[in-house]
């Protein structure tokens, strides 16, 4: 009996294996934005410095499952699921980042492959994200950027009653108006750009919609250049196309990511700041940025940025809190960096 028991014990022990936990290393990236004094007559302080971009690696993974749909034409926030598209390390399976934005699209800029989606096909108001199209139309027209334009009563927001630091009668170059529209989301500056377009606002809005059509933004419509109208609508997918197109314009890249500027308006000098706090964060490498807000659109944010050694486009629409869009962007960044670290650890 003793020999039999010893034999059975040895046999059982030889069948046991060991489990070794695999821990994903988190990859950290750094970036730096510096603002220094400049010598421009109208803009006295500008951003300086360049960012070194690492070589991107594109992903060609196919979607794993269909995205969530909205009910009754509205974004279903609580019931909507996040569609994970890129293959992730094992520890991320079923572990998507919890996002408070109602519509989300994160896309590899080089390949165009979606990395994360949530209600990306839903048509919603886009608020001041519209100003990226405003800037492209102005630059496409080849208008004299040094020409002085004025803020008039026609540029005052009587629709929403939003405030502006640009008083009626203020004069500035078209270039300065472009800067303020992109960096500080100044509605009066954006409307003045459209009003001083050849043919006035009707011609300018028609050019905005032609440009959207040319970019394949089939679910996008513009009614005016500021984004104050609820009828300026688009989808996260369409806006990703617009961000990629806008990123090709050096001035849009520069002005939309400037941390701040001191502007001489003739009668006084004012300091303006970027509406996206992330451009001042050294942990981010942002190549293009635009925020937006009206009550119907919620808090919105689009960016071109570098995460986990690749250029990506982030579109966050209808965030339900003042800082939710920034929080969502940060959560997505950590999620991607952790996923990338896991792939490196496992040799994937």
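The values are calculated or read from the model by the stated rules, or taken from the named source; none is laboratory data. Because the structure is a prediction, the values reported are computed rather than measured. Cβ sites come from the backbone with ideal geometry, for glycine too, and all protein chains shown count toward neighbours.
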Taking the range 188-198 and keeping residues crowded, with 24+ Cβ neighbours inside 10 Å and touching a strand residue (DSSP E or B) at 6+ places or on another chain (Cβ under 9 Å) leaves 189, 192, 193
Name the pairs: first residue in the range 284-296 and within 17 Å of residue 259 (Cα to Cα), second residue part of a loop (DSSP other than H, G, I, E, B) and modelled with pLDDT under 95, Cβ to Cβ under 6 Å, at least 6 apart or on different chains? 284/31; 285/31; 285/51
Could you tell me whether residue 192 is in contact with a helix residue (DSSP H, G or I) (Cβ under 8 Å, 6 or more places away or on another chain) and either modelled with pLDDT of 95 or more or not in a helix (DSSP H, G or I) (or both)? yes
Would you be able to say whether some residue in the range 314-334 is over 30 Å from residue 161 (Cα atoms), within 12 Å of the chain's Cα centre (by Cα) and in a strand (DSSP E or B)? no
Check on residue 266, farther than 22 Å from residue 98 by Cβ, modelled with pLDDT under 95 and in a loop (DSSP other than H, G, I, E, B): yes
With the structure loaded, tell me whether residue 299 is closer than 21 Å to residue 120 by Cβ, outside any strand (DSSP E or B), under 12 Å from the mean Cα position of the chain (by Cα) and in contact (Cβ under 8 Å) with a residue 24 or more places away in the chain or whether it fails that test. no
Among the candidates 289, 319, residue that is modelled with pLDDT under 95, in contact with a strand residue (DSSP E or B) (Cβ under 8 Å, 6 or more places away or on another chain) and closer than 19 Å to residue 131 by Cβ: 319
Say whether the condition of being within 30 Å of residue 146 (Cα to Cα) and surrounded by fewer than 19 Cβ atoms within 10 Å (Cβ to Cβ) is met by at least one residue in the range 278-285. yes
Residues in the range 269-286 that are out of contact with any strand residue (DSSP E or B) (no Cβ under 8 Å at 6 or more places or on another chain) and assigned to a loop (DSSP other than H, G, I, E, B) total 3
Of (1) in contact with a helix residue (DSSP H, G or I) (Cβ under 9 Å, 6 or more places away or on another chain); (2) within 24 Å of residue 246 (Cβ to Cβ), residue 152 satisfies all except one. Which? (2)
Since residue 88 meets every condition but one in (1) farther than 26 Å from residue 220 by Cβ; (2) modelled with pLDDT under 95; (3) surrounded by fewer than 23 Cβ atoms within 10 Å (Cβ to Cβ), which condition does it not meet? (3)
